[in-house]
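Everything below concerns the one structure shown next.
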Amino acid sequence: MSSGLFANQREANLSSTVALVESALEQLGYPAATTRVKDPAALHAWQIPKGSALTKVTLLSRAQFTHLRVCAVVMTLDGKVDRPALHAHLLELNAGLSGAAFATTGDEVLLLAERSTLDLDRSEVLDVIKRVSTCADDHDDVLVARFGGTLGVSA
């Protein structure tokens with residue numbers, strides 16, 4: 001019986017989080033209907049441009065609660081990039097960030113933030129979307145100019 005209640009709680013949480021995300025996107029000037037994208041790894045996904053950065057907002061299934069993940073591909077690396085120097089620089093940048101971090105996966109440098117949707121409110125959704133998309137756009141051109149590679153615009 002408790003599993004049914006837990007399932008209902010998860011579904012209610014997911015529905016309210018979708019509404020929060022879409023409301024935040026609308027407030028930022030991105031109509032939800034035009035930003036929705038398909039992502040087989042996500043329960044729901046949206047994608048928004050900010051300057052030369054493209055940010056993806058996803059709701060992911062996790063053990064306890066759904067998680068909100070906001071991620072931008074900052075750059076894509078090629079064979080000419082000095083990866084150890086870039087990685088050391090990204091770690092230094094991380095020390096100055098709040099609520100987000102640079103990471104790498106394969107040849108992509110990401111800027112991301114993720115948190116549980118438990119007790120999530122609209123101001124937090126707005127903040128994390130603005131923080132990741134703005135920071136990614138602020139750093140992408142600078143990183144590519146300094147280390148090489150290409151601006152990362154992954155779908």
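The values are calculated or read from the model by the stated rules, or taken from the named source; none is laboratory data. Keep in mind that this is a model prediction, so the values were computed, not measured. Please note: Cβ atoms are built from the backbone with ideal geometry, for glycine as well, and neighbour counts cover all protein chains shown. Only protein heavy atoms, including side chains, enter the accessible area calculation; ligands, DNA and RNA are left aside. Shrake-Rupley method; radii C 1.70, N 1.55, O 1.52, S 1.80 Å.
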**Study point:** Filter result (in a strand (DSSP E or B), open to solvent by 20 Å² or more (accessible area, probe 1.4 Å) and either without any contact (Cβ under 8 Å) to a residue 40 or more places away in the chain or under 29 Å from GLN9 (Cβ atoms) (or both)) within the range 106-147
**Key:** LEU112, GLU114, ARG115, SER116
Review point. Would you say LEU59 is in a helix (DSSP H, G or I) and of a type in the set (A, V, I, L, M)?
Key: no
Check your understanding: Pick from the range 38-91 the residues that are among the hydroxyl-bearing types (Ser, Thr, Tyr) and within 11 Å of the chain's Cα centre (by Cα): which of them is surrounded by the most Cβ atoms within 10 Å (Cβ to Cβ)?
Key -> THR55
